[in-house]
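Structure first, then comments.
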Amino acid sequence: METRKLSVPNITCGHCVMTIQRELGEIDGVSKVEGDPMGKEITVRWDVPATLEKIRSTLKEINYPAVE
Ligand SMILES: [Cu+2]
């Protein structure tokens, strides 16, 4: 089980967070996605078969790339 906080500058409101939660939630192995619209950060918890690379590429696909 891994947990990572990611900075996502394109987040502007709670709807952005909901979109990210929905899209990342469809990845097998992702068990939790929390977001902070003010801080423009998300916290993702996952286990195999999900990977950080998969999470980052999905964020990029939906136009919410993580910067770190
Ligand atoms: Cu928004």
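The values are calculated or read from the model by the stated rules, or taken from the named source; none is laboratory data. Being a predicted model, the structure only gives us computed values, none of them experimental. FYI the Cβ positions are ideal-geometry reconstructions off the backbone, even for glycines, and counts take in every protein chain you see. All accessible areas refer to the heavy atoms of the entire protein, side chains included, with ligands and DNA or RNA removed. Shrake-Rupley method; radii C 1.70, N 1.55, O 1.52, S 1.80 Å.
A few points about this structure:
- Accessible solvent surface per residue of the chain, calculated while the other protein chains remain in place, 1.4 angstrom probe, Å²: 62
- Computed in the context of the full set of protein chains, the accessible area of the chain at 1.4 Å probe radius has 49% of its extent on carbon or sulfur.
- Bins of 5 Å, starting at 0 and running to the largest distance - Cα pair percent for the chain: 4, 20, 35, 28, 11, 2, 0
- Secondary-structure-derived ellipticity at 222 nm for the chain, considering helices only, amounts to -10000 deg cm²/dmol, per-run term -39500 (n - 2.57) for DSSP H runs with n ≥ 4.
- Lys, Arg +1 and Asp, Glu -1 on Cβ, resulting dipole of the chain about Cα centre, debye, nearest 20: 100
- GNM result for the chain, Cα springs below 10 Å: residue of Glu34, Glu23, Glu53 fluctuating most strongly: Glu53
- Each other residue within a Cβ distance under 14 Å of Met18 adds +1 if Lys or Arg and -1 if Asp or Glu, for a net charge of -3.
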